[in-house]
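All remarks here apply to the structure that follows.
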Amino acid sequence: MFFMNKNERFSALFDFDGVVMDTESQYSVFWHQIGVDYLQHDNLEQIIKGQTLTNIFKSYFNHVPEVQPEIDQKLKYFEQHMKYEYVPGFEDFLSDLKAHGVMTAVVTSSDEGKMAAVYEAHPEIKKMFDRILTAEMFSKSKPDPDCYLLGMRLFDTDAAHSFVFEDSFNGLKSGMASEATVIGLATTNKAEEIAPFCHYILHDYRDFSFDKLMNWHERRYS
């Protein structure tokens, strides 16, 4: 069993889709169709994972600004009707972290409008985490580490005492660039595909715990 030094503060920073909630497969269907319909692109869903909507529009739809409001409305409607189900074992794992004094935050590329739909489906989310950081709070989109560095600053933790949980390639790169310990969730991409972009891999949180996380931490820094 791991015992934290009373002067040590750890933080756990969780992406939302595919990490807290098992929603990425739903987004893949949506963005695949958007790519086909508006760009004649059959792989858009893979490229944009982890990016804010602002960045997606700037990077891929800047040449067709007239379609952006229509896509935005379609996305809002889609998010209002999504299914929001926790990644297996997440709730128990989060409770274990909090019982051991770990500061926790959602760090998501989703905006407040999307999160409003989440809160309607799961009102408990607001109380489960110490902070919820959304796209409006970041100056740069993943894979830039800006969002995770902000989480560390808010919790007054450094990279050596921070864990990032991510599933998308852009998100994993963001976590690695922050120099935190990165745990990749193989919920969206295969374990062997994300392995080069993280320190450790989980398929879900069942049978995972604070003690196991700290063992990984000790292994990395020993």
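Inspection of segment 71-79 identifies no residue that is modelled with pLDDT of 95 or more and touching a Cys at 6+ places or on another chain (Cβ under 6 Å).
Between M21, M4, M82, the distinction of being under 30 Å from K212 (Cβ atoms) and at pLDDT below 90 belongs to M4 only. If we scan segment 86-104, do we find a residue that is in contact with a Lys or Arg (Cβ under 8 Å, 6 or more places away or on another chain) and polar (S, T, N, Q)? So far as segment 86-104 goes, yes, one or more of its residues are in contact with a Lys or Arg (Cβ under 8 Å, 6 or more places away or on another chain) and polar (S, T, N, Q).
Of all residues in segment 79-105, those being crowded, with 16+ Cβ neighbours inside 10 Å and more than 27 Å from Y148 (Cα to Cα) number 0.
For D167, the criteria (1) touching a strand residue (DSSP E or B) at 6+ places or on another chain (Cβ under 6 Å); (2) charged (D, E, K, R); (3) surrounded by fewer than 20 Cβ atoms within 10 Å (Cβ to Cβ) hold in every case but one, which is (3). Tell me yes or no: at least one residue of segment 5-14 is touching an Asp or Glu at 6+ places or on another chain (Cβ under 9 Å) and surrounded by fewer than 20 Cβ atoms within 10 Å (Cβ to Cβ). Yes, segment 5-14 has at least one match.
Only one entry of D96, D72, D92 meets the criterion of being acidic (D, E), over 30 Å from Y205 (Cα atoms) and either within 17 Å of the chain's Cα centre (by Cα) or assigned to a helix (DSSP H, G or I) (or both), and that entry is D72.
If you go through segment 170-217 and keep only what is crowded, with 20+ Cβ neighbours inside 10 Å and either among the charged types (D, E, K, R) or touching a His at 6+ places or on another chain (Cβ under 6 Å) (or both), you end up with T181, V182, F210.
Within the option set S174, S162, being modelled with pLDDT of 95 or more, under 13 Å from A12 (Cβ atoms) and among the polar types (S, T, N, Q) holds for one residue only, S162. For segment 40-57, name all the residues that are assigned to a helix (DSSP H, G or I) and either within 17 Å of S110 (Cβ to Cβ) or touching a Gly at 6+ places or on another chain (Cβ under 8 Å) (or both). Selection gives L44, E45, L53, T54, N55, I56, F57.
The values are calculated or read from the model by the stated rules, or taken from the named source; none is laboratory data. Values in this document were obtained by computation on a predicted structure and should not be read as measured data. Positions of Cβ are backbone-derived with ideal geometry, glycine not excepted, and every protein chain shown enters the neighbour counts.
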